[in-house]
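Everything on this sheet refers to the single structure shown next.
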């Protein structure tokens, strides 16, 4: 949280460019993004845009992070969506902060992946709610 990039990202999120999020929301988004970046680059390094670009432009790292959230951390649907939404915010922040043409091209597959995964999680949530909130299921549980 103390790095210049994290502080600039936090300011951007609370400003009009980042959607005027509350301080609490902005801190949560930055924290989730830092956790993602730490997952991608395990060494203790100062946060640079090179690390951000490397992490955001690697679909394989995003796949692994998604699997880790689900299989290792046992995050539910809402938790995983929260991380994916935060990563999307970081992607937007990077785009408006001087990303090179090669980085912008590298972000294209990431955007597609994030949209697809968010859609899949939403679909899974709806299916789960439909089955758990079905009249027969609720009556079987004694409700």
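Quick notes on this structure:
- Residue, surrounded by the most Cβ atoms within 10 Å (Cβ to Cβ), within segment 7-18, restricted to residues that are more than 23 Å from residue 62 (Cα to Cα) and in contact with a helix residue (DSSP H, G or I) (Cβ under 7 Å, 6 or more places away or on another chain): 12
- Count of segment 33-66 residues, restricted to those that are more than 23 Å from residue 98 (Cβ to Cβ), touching a helix residue (DSSP H, G or I) at 6+ places or on another chain (Cβ under 7 Å) and at pLDDT 90 or above, is 2.
- Residue match in segment 119-133 (condition: free of Cβ contacts under 8 Å to residues at least 60 places away in the same chain, assigned to a helix (DSSP H, G or I) and buried (at least 17 other Cβ atoms within 10 Å of the Cβ)): yes
- Filter pass, residue 88 being assigned to a helix (DSSP H, G or I), surrounded by fewer than 16 Cβ atoms within 10 Å (Cβ to Cβ) and either at negative phi or at pLDDT 90 or above (or both): no
- In segment 42-67, the residues that are outside any helix (DSSP H, G or I) and crowded, with 17+ Cβ neighbours inside 10 Å: 47, 57
- Extreme residue, farthest from the chain's Cα centre (by Cα), among residues of segment 91-114 that are on the phi < 0 side of the Ramachandran plot and part of a loop (DSSP other than H, G, I, E, B): 100
The values are calculated or read from the model by the stated rules, or taken from the named source; none is laboratory data. Predicted model, so just to flag it, every value in this text is computed and none were measured. As a convention, Cβ positions derive from the backbone with ideal geometry for all residues, glycine included, and neighbour counts pool all protein chains shown.
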